[in-house]
């Protein structure tokens, strides 16, 4: 019985070690792709990163960074930047519309519809917002 317990403990330790190696490898891969995509972003628009760092209060900088991130398919990061733009200036209807478009691409329909509605409430004169929402519903 004692020998059996010891073998189980070794097996658990081995499994835990393998799990840690897998996690480390996953993190290495994530870091590689993040660095690669950030390099692409810097090549596409090097001024956006430095501008956001210099002027953290300007909502347009976050908006522009989000737009650049979409171009390299970093949707989650783009969404974060739209959220920051909205936080800095919640009056701009286009921020909500663009956020809705990203949410739509991420198949987060309910959130997208809510953001389309907010964009429409803030600027009911912009027909693009109605069109975007209508396209999503059909």
Of all residues being over 24 Å from residue 119 (Cβ atoms) and in contact with a helix residue (DSSP H, G or I) (Cβ under 6 Å, 6 or more places away or on another chain) in segment 50-71, which is modelled with the highest pLDDT? Just the residue, please.
51
How many residues are modelled with pLDDT under 95 and either part of a helix (DSSP H, G or I) or not assigned by TED's automatic domain parsing to the domain that holds residue 136 (or both) if we restrict to segment 87-100?
2
Tally the residues that are buried (at least 21 other Cβ atoms within 10 Å of the Cβ) and under 11 Å from residue 102 (Cα atoms), restricting the search to segment 57-73.
2
Of these, 129, 116, which one is crowded, with 19+ Cβ neighbours inside 10 Å, modelled with pLDDT of 95 or more and touching a helix residue (DSSP H, G or I) at 6+ places or on another chain (Cβ under 8 Å)?
116
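Taking residue 81, is it modelled with pLDDT under 95 and surrounded by fewer than 20 Cβ atoms within 10 Å (Cβ to Cβ)?
no
The values are calculated or read from the model by the stated rules, or taken from the named source; none is laboratory data. As the structure is a prediction and not an experimental result, all values here were calculated from the model. When we count neighbours, we look across all protein chains shown, and the Cβ atoms used for this are built from the backbone with ideal geometry, even at glycine.
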